[in-house]
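Okay, so here's the structure we're looking at.
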Amino acid sequence: MKLHINHKKILGDLYTPIEIYLKLRDKFSNSFLLENSSNHSRENSCSYICFDPMMSYIVTADTTTVQTLENTTTHTTADINVLDQLQLFIKEIKVENANHYDYLKAGIYGYTSYDSIPLVHDIQFKATDTSIPLMQYHFFKYVIVYDHYKNEMHLVEYTRTGEESQLNKIHAYLNTNSITPYPFKTVDAPKTPYTDEEFLEIIKKEKSTAIEEMYSS
């Protein structure tokens, strides 16, 4: 099934990426903020606020869950190549007018954590907290692209055939003052599974592996 992009451009001088994210995080699950650190050049001058995922690729130490528009499948992480599976997930995404919007890049947003290294390299880490996914990528229904260089925002929505656009409602919601503050406190002292010496030894080993791969390719 092909998706269609709906687009609305507005001025960005009344908003900030953090403000937008704080407004959207309670209304939409799995909201992401990828904030740009510089607005002094045209290249890489955009921040991205993404929300309401349509498709997801989530890897934990035990299972890998792939959710597409059609179905959801679960794999045992140890039985698959997580990078190959990610490429198959990306190929599932078909957008009919994506070439008109170069600032959207691939349309996939997420992260690959440091703790996912053992999934793709022959190296083992000490046991760590596995409550956070090792890899997590989403194809979002809504993406707000904040162009710091031009001081403008692009509201982007992906819809299925026959689906009504909600961009005007999203724009109206951004103009509300509904930011909810949350208190927080620390519950434990900072800790790490490695001593300083063990961590430096890991870096040394990885540097040697990277050099060997560079010269063998």
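One residue is enough: does the stretch 157-176 have a residue meeting the conditions closer than 14 Å to Y48 by Cα and crowded, with 16+ Cβ neighbours inside 10 Å? Yes, the stretch 157-176 contains a residue that is closer than 14 Å to Y48 by Cα and crowded, with 16+ Cβ neighbours inside 10 Å.
Just one residue in the set I211, I179, I123, I203 is closer than 30 Å to K8 by Cβ and either in contact with a helix residue (DSSP H, G or I) (Cβ under 6 Å, 6 or more places away or on another chain) or exposed (fewer than 13 other Cβ atoms within 10 Å of the Cβ) (or both); that residue is I179. The C-beta contact set for the stretch 139-153 (first residue of a type in the set (A, V, I, L, M), second residue modelled with pLDDT under 90 and open to solvent by 30 Å² or more (accessible area, probe 1.4 Å), distance under 9 angstrom, 6+ apart or interchain) comprises V145/Y101; V145/Y103. Of the residues screened, Y158 is one that is within 18 Å of the chain's Cα centre (by Cα), over 21 Å from D79 (Cα atoms) and among the aromatic types (F, W, Y).
Taking the residues in the stretch 84-98 that are closer than 22 Å to V59 by Cα and aliphatic (A, V, I, L, M) as candidates, determine which candidate is surrounded by the fewest Cβ atoms within 10 Å (Cβ to Cβ). So that I can check it myself, show each step before the final result.
Quick first cut of the stretch 84-98, residues closer than 22 Å to V59 by Cα only: 84-93.
Cutting the leftovers down to aliphatic (A, V, I, L, M) gives us 86, 88, 90, 93.
Numbers: L86: 19, L88: 13, I90: 15, I93: 18.
This residue is L88.
Apart from one condition, S178 fits all of (1) in contact (Cβ under 8 Å) with a residue 24 or more places away in the chain; (2) more than 26 Å from the chain's Cα centre (by Cα); the exception is (2). Within this structure, F32 passes the test of being on the phi < 0 side of the Ramachandran plot, in contact (Cβ under 8 Å) with a residue 12 or more places away in the chain and in contact with a Cys (Cβ under 6 Å, 6 or more places away or on another chain). Of the residues Y173, Y194, Y137, the single one that is on the phi < 0 side of the Ramachandran plot and under 22 Å from the mean Cα position of the chain (by Cα) is Y137. Scanning the stretch 148-204 for residues that are modelled with pLDDT of 90 or more and aromatic (F, W, Y) yields Y158, Y173.
Search the stretch 13-26 for residues that are hydroxyl-bearing (S, T, Y) and pair each with any residue that is in a helix (DSSP H, G or I) and open to solvent by less than 50 Å² (accessible area, probe 1.4 Å) when their beta-carbon atoms are under 9 Å apart and the residues are at least 6 apart or on different chains. Partner pairs satisfying both residue conditions: Y15/L174.
The values are calculated or read from the model by the stated rules, or taken from the named source; none is laboratory data. Note that the structure is predicted; figures quoted are calculated from it, not measured. Cβ atoms come from the backbone with ideal geometry, glycine included; neighbour counts cover every protein chain shown. Heads up: the accessible areas ignore ligands, DNA and RNA and are worked out on the full protein's heavy atoms, side chains in. Shrake-Rupley method; radii C 1.70, N 1.55, O 1.52, S 1.80 Å.
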